[in-house]
Amino acid sequence: MSQPGHEKSHMRFYLVMITLVVGGILFLLFTNDSENFSLTSAIVGVTKNESGGEVPIAEEDIFSTDVGAIDEVFRKKIERNANEVGLNLAFDEIPTVKKEAKIKNIELHFTDSGAKINVNNDRLELNNLNDVVLKIDGYNGEMELQKLGFSIDGMAKSIKVNDISLSSKTQMKISFTDLNYNYLSLEDVQLDNVDFPLGNGQLQVSEKLTYTLEQDTLKLYFFNGKMLVDRDAENLLTLEGVAKGISAGGALLNLNLR
């Protein structure tokens, strides 16, 4: 006859213990971060932007085991929290970049007069020119950079071939694939998550840190500025602009700036 009484006593004991444990956890969280504490932030997680405000991070991003998702979360955190630093890079390798891009100016030098360049769905006739300088202003569209070729497919405000302007009342559509170039300049281009292959060069950050790259890998989580590729220059690739999140590593040293 006394069994129900014992069960009720055990139940009350468990409820009291659970209440004490939960209360203790909430108390610790509150004392550690009393100004920014909220039950939602304790469960989901928050990060702070540059102005000090909280930016929630989704629960599925925090606990995801997918490498791409984790890298995406880290990139977002870099963009929100990291300070922009001045960057100058000289490197002997060209990264592979494929993305939608807005580029203020594109300049290409090449010698292939038979290159297939389409402007407003018509093929651009180069008339057997030995040296071609193609300038594109106000470009918006797809861009793909590879070691031996450059491709675009999008719209431009103006196009010049050897300083001869192609006229149009509206923006012009321009496209070409794997154009083999000798010189490429991209002015005011934004790049995200750029992985460079093993190579040699020199990295300068904020005029305070200079790092010599010797068969090192390099990753930029965010870059905005000028990219120059010159196959006749001492340094094949140069970057000049601002960056957020820089990682370099080799056999001797790993460098991480976040």
| said: Checking K173 against (1) in a strand (DSSP E or B); (2) among the charged types (D, E, K, R); (3) closer than 17 Å to N256 by Cα, only one condition comes out false. Which one? | reply: (3)
| Hey, any hits in segment 157-170 for a residue that's assigned to a loop (DSSP other than H, G, I, E, B), charged (D, E, K, R) and surrounded by 13 or more Cβ atoms within 10 Å (Cβ to Cβ)? | yes
| Within segment 219-227, is there a residue that is at positive phi and surrounded by fewer than 19 Cβ atoms within 10 Å (Cβ to Cβ)? | no
| query | Do we find that D232 is in a loop (DSSP other than H, G, I, E, B) and either in contact (Cβ under 8 Å) with a residue 24 or more places away in the chain or within 24 Å of N105 (Cβ to Cβ) (or both) in this structure? | reply | yes
| query | Based on what the data block shows, is G199 surrounded by 15 or more Cβ atoms within 10 Å (Cβ to Cβ), at pLDDT below 95 and assigned by TED's automatic domain parsing to the domain that holds D131? | reply | yes
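The rows are residues; the columns are (1) in contact with a Ser or Thr (Cβ under 8 Å, 6 or more places away or on another chain); (2) small (G, A, S); (3) modelled with pLDDT of 95 or more; (4) assigned by TED's automatic domain parsing to the domain that holds G241.
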position: S151; (1), (2), (3), (4): yes, yes, yes, yes
position: A156; (1), (2), (3), (4): no, yes, yes, yes
position: I159; (1), (2), (3), (4): yes, no, yes, yes
position: S168; (1), (2), (3), (4): no, yes, no, yes
position: N193; (1), (2), (3), (4): no, no, no, yes
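The values are calculated or read from the model by the stated rules, or taken from the named source; none is laboratory data. Source: prediction; values computed, not measured. Here the Cβ is made from the backbone with ideal geometry for all residues, glycine too, and neighbour counts use every protein chain on show.
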